[in-house]
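Working notes for the structure below.
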Amino acid sequence: MPETPTPWTELRRFTAARVALGRAGNGLPTAAHLDFQEAHARARDAVHSALDADALEAALAPLGLPALRVASQAEDRRSYLLRPDLGRRLREGDRARLAAAAAPGAFLFVVADGLCGRGVLAQAPAVLQRAVPLLRRAGLAIAPLVIASQARVALGDEIGEAMGAGMVAVLIGERPGLTATDSLGIYLTFAPRRGRTDAERNCISNIREGGMDAQAAAEKLLWLAGAALRLGATGVMLKDEQPAIPLIAP
Amino acid sequence: MGFAQTVGGTRYLFPDLRTLLARATPLRSGDQLAGLAAESAQERVAAQRALADLPLRHFLNEAVIPYEADEVTRLILDRHDPAAFAPVAHLTVGGFRDWLLGEAADAAALAALRPGLTPEMAAAVSKIMRLQDLVAVAAKCRVVTRFRNTIGLPGRLSIRLQPNDPVDDPRGVAASVLDGLLLGAGDAVIGVNPATDNVETVIRLLELLDAVRERYAIPTQSCVLSHVTTTMLAIERGAPVDLVFQSIGGTEAANRSFGISLSLLAEAREAALALRRGTLGDNLMYFETGQGSALSAEAHHGVDQQTIEARAYAVAREFAPLLVNSVVGFIGPEYLFDGKQITRAGLEDHFCGKLLGLPMGVDVCYTNHAEADQDDMDALLTLLGAAGVTYVMGVPGADDIMLAYQSTSFHDGLYLRSALGLRPAPEFEAWMERMGIERASGEGRLPARMSPALLGLS
């Protein structure tokens, strides 16, 4: 019994990936090729976008948390890209300022530009507006907010150590891709101190429109923070076993 | 013991083997970041000349990381086979390069040599080889592995189908799988990088990929590239695990930063072997590596990143993997700054892997913060094809929407096969013919026997 053939383009209904692009011989048709070139150009520009800390602070004002601004030792974007070691160390003087705002044992949020300042501004406020009340309701004290520029994930270790935080969540701009140039990642580290490795963190990634939404990210963070407190650790020992939210109707 | 060499009237001193190797390495940002790179072009040549004069035997007497301090060094030296080493034992590094390029080094001789070579020897000789040397010697190496099909036969090029989805949506993954199958990808593995390491999600993806494979009767294997401990948990819970994936590095400390050790890898392999899911063979480990990962974890011990990378291949070959690939352009511009550095590193990694006996693929790729573009990837892909690369990645439209980087597309795989006269793995090729895939994709439709409804897409 012959069936009606399914057109290749049907696949586009199910994914944002570049499927069913067609073929020009074995290559891409011209329009698809130029779409790609344009997306790459946009991503390249996003890498060099700066975090607008004023706008971020304004957006976070409703949380009622004091905010401190710090920077890494990377002086500019090129030095940030070539010297990740500098992006993991606090600029001279910032450590003392953080120590003055110590919050022993508290849950600390660090909002960092990472590889896409634009993405942080787009996603971090929505995540924090949901995560902070959830964590407070769970009985956690929240430390003053820290906004960090030219920052790598591990800068959160030194910041957390200086403030005596019990746990740090670094909200950081993810490397722009072709489809998403405004994606946020969260790295959770228990008992932050310099020298922590990536195996001692848990990560929530792809927080953006079309990826994980802010509410789901906040709930995931709450779950991980609770598990970390029970376990006394984050990282590969802490398995993410939050019950999965069904993605499609069964 | 140190090394000295005079170039251009200046005498250069290199206090130990690891320094000599580092200074001899063609320029790359990661070695500069680590403070290990030669400070001038002439110093680099001086180191290369001194390295060329070094007897290969020396590598058995001086470890770049002490035996007592590192289980990877212990693995390398404990596994060294003097009998296999004998044919080249009298050579210097420079003499070894000449030997490799010569006719005596045919596929059989190169295969017999593998247990006699250490990763440091492979790295050393690669540092005094040009791109064409790396291509020419790798092209002579034969490495064949099997699970449900045969990978690495002469004249074949396999593709890993990489259908990643930013939220692990089964429909998104399934749609990308179908797209890739239609464009001839998937004979190396259908392998998803999960967006989270959530055990339930990993198991659901494993079940999805297994269902795709079963429903379309594809002679291939699937993999969800989660941490090895997550995969072990999935096995415990009865999930259909074909391959065990893990990122690995070339030092004990780098592996610790990945949350693994040699004994953990052995345990994971045993658990997967016990499932007896391979029909043609028992190669079931899948490893990824990449220059710079050890430095990134501050676990490099003053050794250059390419030598450390080659040491990761000693870890890989201990576990008879089905697939190994360097993710060469993924680690970032702080390790490989631009297209030129990525190209050289990709060919070095492929050469060293093949020389040491690995089924070596390469993720020909770049990130958006690197100075590279599609033209660089086309050049590297074509060079790797000439070098006989075992497999490359296939990502819809070259755009990985979960990992946010650019790899090779399904179309790129078609291009390389067609430009160099390469074919898919034989079992997969026969399957594609049975399903009428080429004709259907030429007509812009799905083959009648590959209904998307079978995958829940309707």
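Taking the accessible area of the protein assembly as shown, probe 1.4 Å, and keeping the other protein chains in place, the carbon and sulfur fraction comes to 51%.
You can think of it this way: the chain between B:Ser263 and B:Asp373 has 35.6 nm of extra reach, that is 0.36 nm per residue less the Cα-Cα gap. The lysine pair count for the protein assembly as shown, using Cα distances under 27 Å and pairs eight or more places apart or on different chains, is 7. Once all protein chains are placed together, B:Tyr67 keeps about 80 Å² accessible to a 1.4 angstrom probe.
Centroid-to-centroid, using Cα positions, the range B:269-288 and the range B:56-84 are 28 Å apart. Once the Cα atoms are used to define both axes, helix B:374-386 deviates from the longest principal axis of chain B by about 80 degrees.
A viscosity of 1.002 mPa s and a temperature of 20 °C, combined with the Kirkwood radius over C-alpha pairs in the Stokes-Einstein formula, give the range B:203-308 a diffusion coefficient of 144 µm²/s. So what's the angle, to the nearest 10 degrees on a 0 to 90 scale, between helix B:199-215 and the longest Cα principal axis of chain B? Around 70 degrees separate the two axes.
Relative to its Kirkwood radius, the Cα radius of gyration of chain B gives an Rg/Rh of 0.97. Count Lys and Arg as plus one, Asp and Glu as minus one, and take only other residues whose Cβ is under 10 Å from that of B:Gly278; the net charge is then +2.
With contributions of -39500 (n - 2.57) from each DSSP H run of at least four residues, the per-residue ellipticity at 222 nm computed over chain A stands at -11000 deg cm²/dmol. For chain A, the longest principal axis of the C-alpha atoms and the axis of helix A:30-47 are separated by about 10°. In the distance distribution for the protein assembly as shown, Cα-Cα pairs more than 48 Å apart total 14 percent. In this view, the solvent-accessible surface of B:Glu427, computed with a 1.4 Å probe and all protein chains in place, comes to about 50 Å². Tell me the Kirkwood hydrodynamic radius of the range A:76-219 in angstroms, computed as one over the mean inverse distance between distinct C-alpha pairs. After inverting the mean inverse Cα-Cα distance, the result is 15.1 Å. FRET efficiency for B:Gln132 and B:Thr279, Cβ-Cβ distance as r, R0 = 45 Å, nearest 0.05? Computed FRET efficiency for B:Gln132 and B:Thr279 comes out at 0.70. Can you give the accessible area buried between chains A and B, summed over both chains, with a 1.4 Å probe, in Å² to the nearest 100? The contact between B and A buries close to 5100 Å².
Across the range A:1-125, the relative contact order, built from alpha-carbon pairs under 8 Å that are at least six residues apart, equals 27 percent.
A 1.4 Å probe run over the protein chains yields, for the range A:1-106, 55 Å² of accessible area per residue, whole-number rounding. Helical content of chain B, expressed as a calculated mean residue ellipticity at 222 nm, amounts to -12500 deg cm²/dmol (DSSP H runs of 4 or more residues, -39,500 (n - 2.57) each, divided by residue number, nearest 500). Placing dummy labels 7 Å off each Cα toward the beta-carbon, the span from B:Ala430 to B:Ala84 is 3.1 nm. The range A:190-221 and the range B:215-244 have Cα centres separated by 25 Å.
Here the Karplus relation 6.51 cos²θ - 1.76 cosθ + 1.60, evaluated at θ = phi - 60°, turns the backbone of the range B:123-136 into coupling constants of 4, 4, 5, 5, 6, 10, 10, 7, 4, 5, 5, 4, 5, 5 Hz, with x for every Gly and Pro. The value of relative contact order for chain B, using C-alpha pairs under 8 Å at least six residues apart, is 19 percent. Taking the alpha-carbon centroid of each part, what is the distance from the range B:396-428 to the range B:148-178 in angstrom? Taking the Cα centre of each part, the range B:396-428 and the range B:148-178 sit 10 Å apart.
A straight chain from A:Thr30 to A:Ala50 at 0.36 nm per residue would run longer than the Cα-Cα distance by 3.9 nm.
Considering Cα pairs under 8 angstrom that are at least six residues apart, work out the relative contact order of the range A:174-237 and quote it in whole percent. Taking the mean separation of contacting Cα pairs over the length of the range A:174-237, I get 35 percent.
The values are calculated or read from the model by the stated rules, or taken from the named source; none is laboratory data. These numbers come from a predicted model, not from an experiment. So basically every Cβ, Gly included, is an ideal-geometry build from the backbone, and we count neighbours across all protein chains shown. Accessible surface is based on the protein model in full, side chains and every heavy atom, while ligands, DNA and RNA are left aside. Shrake-Rupley method; radii C 1.70, N 1.55, O 1.52, S 1.80 Å.
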